[in-house]
Amino acid sequence: MNLLFLGGTGTFGHAFTPIALASGLFERIAIFSRDEDKQFRFRHELGDDARLRWFIGDVRDRDRLVLAMQGVDVVLFAAALKHVISGESNPDEHIKTNILGAMNVARAAMDAG
């Protein structure tokens, strides 16, 4: 089984990914996030595991999501802007990521079957 983990370099990703790797349930785990630096650091934390794939991307980009979902069985969606104080001063950015991004994820998943 192949997993695509959207927002996989966040707090939940750091907790869940090692457990998912240890479980042996997944042949491949694709970590998808927009933060190159977080991916770089997390990749070094996890070591060189052939089951891991790394995608730089944003849930706002439906085409990138469609590409990342090829051959995926399970999508774990943890990508979001979560800080209320940030949302108060940047509501449009939160809407683009949390609402429009979620719609992109759902549509890309439907397209991928």
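For the stretch 81-98, taking the residues that are among the acidic types (Asp, Glu) and open to solvent by 80 Å² or more (accessible area, probe 1.4 Å), the one that is nearest to residue 8 (Cα to Cα) is identified as 92. Here is a list of conditions, (1) under 20 Å from residue 100 (Cα atoms); (2) touching a residue at least 40 places away in the same chain (Cβ under 8 Å); (3) not basic (Lys, Arg), and residue 63 meets all of them except one; can you say which number that is? Looking at each condition in turn, residue 63 falls short on (2).
Among residues of the stretch 29-56 being open to solvent by 10 Å² or more (accessible area, probe 1.4 Å) and touching a Leu at 6+ places or on another chain (Cβ under 7 Å), the one that is nearest to residue 98 (Cα to Cα) is 52. Within the stretch 43-82, being in a loop (DSSP other than H, G, I, E, B), out of contact with any Gly (no Cβ under 8 Å at 6 or more places or on another chain), under 15 Å from residue 7 (Cα atoms) and of a type outside the set (A, V, I, L, M) holds for 57, 61, 82.
The values are calculated or read from the model by the stated rules, or taken from the named source; none is laboratory data. Since the model is a prediction, treat every value here as computed from it, not as a measurement. Note: ideal-geometry Cβ built from the backbone for every residue, glycine included; neighbour counts use all protein chains shown. Remember, those area values only see protein heavy atoms, side chains included, never the ligands or the DNA or RNA. Shrake-Rupley method; radii C 1.70, N 1.55, O 1.52, S 1.80 Å.
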